[in-house]
1. Within region 157-174, track down each residue that is under 19 Å from residue 8 (Cα atoms) and within 12 Å of the ligand (Cβ to nearest atom).
2. So which of 218, 225, 184 is surrounded by 15 or more Cβ atoms within 10 Å (Cβ to Cβ), in contact (Cβ under 8 Å) with a residue 40 or more places away in the chain and under 30 Å from residue 85 (Cα atoms)?
3. Among 176, 109, 172, 158, which is out of contact with any helix residue (DSSP H, G or I) (no Cβ under 7 Å at 6 or more places or on another chain), at pLDDT 95 or above and within 30 Å of residue 363 (Cβ to Cβ)?
Ligand SMILES: C[S@@+](CC[C@H](N)C(=O)[O-])C[C@H]1O[C@@H](n2cnc3c(N)ncnc32)[C@H](O)[C@@H]1O
């Protein structure tokens, strides 16, 4: 089976590594996606265990077309019976960029008709379309004359881990957070501290990683569970094997925030993620915080300034720079923020920078090495 794991901009390489570890084959990174091969068991495992994928599509067919009739005829010939039956419902989600179609909704209608006709011809009955809550979600991607038809095995995106009870003012996407942790090089064996933890996403994703808890463990639903070929026993076996690797927490994961509300939201989410008692949170201004020892990773996303005056935000980032320099010797700090200006105000030279997006906001993830003693920050 050929699969397409969709992800966020900038996470293609970390997702590639993760898929290798999960047993994927023929892995090819693409734009906001990684293509790979495997069997049904791998599909279940990746849905259950991937931290950096948004959804996993099963590729059904790739072909070229010269007309709308080509799209209809090829779709009609596909054997849809392994996932759909006449009692199932389905919908078609389209991404179309082609001169062959003036109206982007039209190719979706052609595919719906072809699937309905496929079943009518073979069984005399046809599955119905349900755009709100379909059993099978089909993705149609057309770029010029090249078409990919795939089935979404995830449906509810994988960043919806199921643990978020308290929303927070500006929470990071869970997939982006796991990607940031992987880009930082943190491997779950060093202490980790988020001094501006908000609703706790970084701490929770770190806790799940360090304890090898599958990110899908609290999810109530995966798209493949409504397919005709759903193998309950196989999925249950996958879960048992993956859950069997869960360990306790052998490192310190801690957080802080200046806002009382954020602290209580973080605690609520940590408890809901099954990590209660493992992560400590303090009500604290970052300027008063100190490192917990050399080798500690600080990973945080300070406010970007949308709701704060420019002058205050400049001061905040200057304070961050000076606190990092004086209070965290021997630590590594990773900061995700919007645009170049805040990074300049920190006043330290990042060792490495990555371009990422937080929703539609263009961001920089900057990594710093904070040297001990009199040794100055070094640019490499
Ligand atoms: C963008 S939010 C972090 C969101 C968080 N990563 C999440 O996923 O929910 C920034 C947080 O920084 C906190 N903050 C702002 N200034 C601070 C300071 N001086 N010390 C500690 N926390 C601060 C805010 O209260 C806010 O919760």
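The values are calculated or read from the model by the stated rules, or taken from the named source; none is laboratory data. Please read these numbers as outputs of a predicted model, since none were measured by experiment. When we count neighbours, we look across all protein chains shown, and the Cβ atoms used for this are built from the backbone with ideal geometry, even at glycine.
1. Matches in region 157-174: 159, 170, 171, 172, 173, 174.
2. On the way: 225 fails: in contact (Cβ under 8 Å) with a residue 40 or more places away in the chain; 184 fails: under 30 Å from residue 85 (Cα atoms).
218 is the lone residue from the list that is surrounded by 15 or more Cβ atoms within 10 Å (Cβ to Cβ), in contact (Cβ under 8 Å) with a residue 40 or more places away in the chain and under 30 Å from residue 85 (Cα atoms).
3. Only one candidate qualifies: 176.
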